[in-house]
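Since the structure comes first, as structure tokens, the remarks are kept for the end.
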Amino acid sequence: MISQNAIETLRKTEIGAQGLFIDGVQVEATSGASLPVTSPIDGRPFASIADGNAADIDRAVKSARKAFEKGSWSRATPAFRKKVLTKFADLVEKHADELAVLGVRDNGTEIGMAYKAEPLSAAGTIRYYAEAIDKVYGEIAPTAENVLGLIHKEPLGVVGVIVPWNFPLMIGAWKIAPALAAGNCVVVKPPEIASLTLLRLAELASEAGLPAGVLNVVTGLGAVTGEALGLHMDVDAIAFTGSGPVGRRLLEYSARSNLKRVFLELGGKSPNIVFADAPDLKQAAVVSANGIFRNSGQVCVAGSRLLVQSAVYDRFMDELLSATMRLKVGDPLDLTSDVGAVSSAEQLDKNLGFVARATEEGARLVTGGQRMLTETGGSYMAPTIFENVMQDMQLAREEVFGPVLGVMRFETEEEAVRLANSTVYGLASAVWTANLSTAHRMVRAINAGVVHVNTYGGADITVPLGGVKQSGFGRDKSLHALEKYLELKTAWIAL
Ligand code: NAD
């Protein structure tokens, strides 16, 4: 783990103006324009990124296509790709302190979480796919004697990667690593409010020996660079994590351009269900508080709807409130902070809009609901709990993506299932019960990509992550994710 001394040194590092990363080097945006980077820690600008546009996306895609055609990566042996990617993972790990602090200055996640979830997780992901790629085989089909049916697995070509600001390195690596391992060339469009770590990641990839053009990063506004990538005629696939409205746009861009495949990891309104026979109510309350409030609730799988069985409702709410009050909201670069800053002033305003509407609609505010630490100039919000939340309220239906929890009561298992499944989302969920049969019935009944039992959050690269319904389709992580970046080709040979 990083030390406070190391953090204090790194927090003062000059970052300066960042260019785009195209064809293995930093270059200016075609327009020469840049965007300021403001830290949510204190509201002050501390760097700038190049404001890319459609011409820059085109340069990056051309560089990626040229590298793909050249074949020094796409047709290299899997053993070579493994060697380079392993070195890449080592470099990311070696620079973990630098990457973690840079990312926290950019998006405000508390350092304790960011350190593990960003550089260390990204390094682990890159290593996992590096090690996997020389264990992927084609197939021979069971055909008649006089023919040979071979099934080849080939890279898709140029893959566009678009990620959100909450964990840009971790989520970026979930897409970049399997895409590269499979032999594709990649153009990354980072989130405009947290681009710095992905730019540094591309430099480290280059240092590890990734050929020029294989990994490019174009910063800029989503509506400009993201759209240009989505509409580009020479991009074969887009791997996206972000909001539902942008996910829909990407499907439209695909339809309007070259029918590129689109993988969508979208939002959630995940139910966290506490049955009266939960093995340890106190521990369930502590984990549930962390499951919604860490990273200020800016976690796609956050357990933002809490359903508690009536028989233990009052006891559980007492435990939940005391676990919540113990969370220290503060400077995300202070190792003792449990909850850091909200990613931007705009996001904080949006969160407070949800609080106002929940109050208007009749939910009862138990704690929080307001800004904190305004004297810092940063964006901080108190962990917020509403009870008496009804199914028709905005808070029960829409994703806040902030530290706001809505609590509902239920009486029976059937009612819990009905409430759990009553949103358009289906990303994550949890069930707390000591009864094995209840747990297994709930795993089957809940319509979500992930069901936790007697825990919340936590997983590793070996298991897939993704949603059902309007939480998207396609899975990140695990060996299943590799398949997204490989195309099947049949050779039918007369003997
Ligand atoms: P967002 O959809 O606003 O932005 C995501 C990315 O899309 C950014 O890089 C942005 O620049 C880009 N973008 C914006 N407009 C675009 C356009 N017109 N065309 C192409 N790209 C465009 O989301 P956000 O606010 O950055 O992130 C929060 C959302 O991400 C939440 O809904 C959250 O649930 C979701 N998320 C999902 C997962 C998951 O694994 N399912 C993980 C993390 C976050």
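Every number here is computed from the coordinates shown, using simple stated rules; none is lab data. Quantities reported herein were computed from a predicted structural model and do not represent experimental measurements. Cβ coordinates were reconstructed from backbone atoms using ideal geometry, including for glycine residues, and neighbour counts include every protein chain displayed.
Numbers for the structure displayed
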{"read-out": "Residue order, fewest to most surrounding Cβ atoms within 10 angstrom, among 185, 300", "value": "300, 185"}
{"read-out": "Translational D in µm²/s for the range 79-119 (Stokes-Einstein at 37 °C, 0.692 mPa s, Kirkwood Rh from C-alpha pairs)", "value": "302"}
{"read-out": "Cα-based helix-to-principal-axis angle, 436-445 vs the chain, degrees rounded to 10", "value": "60"}
{"read-out": "Burial order of peptide ranges 227-238, 482-493 (average beta-carbon count within 10 Å, highest first)", "value": "227-238, 482-493"}
{"read-out": "Taking all pairs of distinct alpha-carbon atoms in the range 370-495, Kirkwood radius in angstrom", "value": "17.9"}
{"read-out": "Sparsely packed trypsin sites (Lys or Arg not before Pro) within the range 75-169, loop by DSSP, other Cβ within 10 Å at most 16", "value": "75"}
{"read-out": "Nearest 10 degrees, 0 to 90: helix 54-70 Cα axis against the chain principal axis", "value": "50"}
{"read-out": "Kirkwood-Stokes translational diffusion coefficient of the range 23-132, alpha-carbon pairs, 10 °C, 1.306 mPa s, µm²/s", "value": "96"}
{"read-out": "Value at 222 nm in deg cm²/dmol, rounded to 500, when DSSP H runs of n ≥ 4 in the chain each add -39,500 (n - 2.57)", "value": "-11500 deg cm²/dmol"}
{"read-out": "nm² value of the averaged projected area, convex hull over the Cα atoms of the range 213-343", "value": "11.4"}
{"read-out": "GluC sites (Glu not before Pro) restricted to the range 78-170 and DSSP loop, no more than 14 other C-beta within 10 Å", "value": "145"}
{"read-out": "Burial order of peptide ranges 344-350, 12-18 (average beta-carbon count within 10 Å, highest first)", "value": "344-350, 12-18"}
{"read-out": "Helix 281-293 axis, angle to the chain major axis (alpha carbon atoms, nearest 10°)", "value": "50"}
{"read-out": "Calculated log₁₀ intensity ratio I(q)/I(0) where the Debye formula runs over C-alpha points of the chain, q = 0.11, 0.13 Å⁻¹", "value": "-0.91, -1.22"}
{"read-out": "Quarter of Cα convex hull surface for the range 271-453, i.e. mean projection, nm²", "value": "9.8"}
